[in-house]
Amino acid sequence: MSEGEFNGRSLLITGATSGLGRAIAERLAAAGAHLYLTGRSLPQLQALADGLPGEHCCLQLDLSASAHIE
């Protein structure tokens, strides 16, 4: 990905607090995307968002819990 490749695009990242989700969030933010970061831990999401370039939204969400999906 090149810098600015995702300027003006909004993307949803699930599982953003660790592993592949976090790596994808870091790459996409560096490429200029506005991200909606989701995960089970709001403090970890906020810490991630604070360390990324740009402004991003954090949503505490557990996709394994049906109450969060409905």
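The values are calculated or read from the model by the stated rules, or taken from the named source; none is laboratory data. Note that this is a predicted model, so its numbers are computed, not measured. Neighbour counts are summed over all protein chains in view; Cβ atoms, including those assigned to glycine, are modelled from backbone coordinates with ideal geometry. Ligands, DNA and RNA are excluded from the accessible area calculation, which covers all protein heavy atoms including side chains. Shrake-Rupley method; radii C 1.70, N 1.55, O 1.52, S 1.80 Å.
Here are a few things to note about the model shown:
- Each principal axis of the Cα cloud of the chain was taken in turn, and the coordinate range along them, longest first, works out to 37, 22, 19 Å.
- The charge dipole of the chain, taken about its Cα centre with unit charges on the Cβ atoms of Lys, Arg (+1), Asp and Glu (-1) only, comes to about 100 debye.
- The chain, accessible area per residue, ligands and nucleic acids excluded (1.4 Å, Å²): 64
- Against the chain, whose longest principal axis is taken from its Cα atoms, helix 19-30 shows a tilt of about 40°.
- Across segment 51-70, the residues whose backbone nitrogen lies under 18 Å from the label position 7 Å along the beta-carbon direction of Arg40 are 59-70.
- Peptides 29-35, 43-49, ordered by how many other C-beta atoms sit within 10 Å of their residues on average, highest first, read 29-35, 43-49.
- Selected from Ala47, Leu59, Ala33, residue furthest toward positive end of dipole (segment 7-70; charges at beta carbon): Ala33
- Each other residue within a Cβ distance under 13 Å of Ala49 adds +1 if Lys or Arg and -1 if Asp or Glu, for a net charge of -2.
- Per atom type, the chain shows carbon and sulfur on 50% of its accessible surface, probed at 1.4 Å.
- With Cα atoms, 0 to 90° folded angle of helix 42-51 axis to the chain main axis: 0
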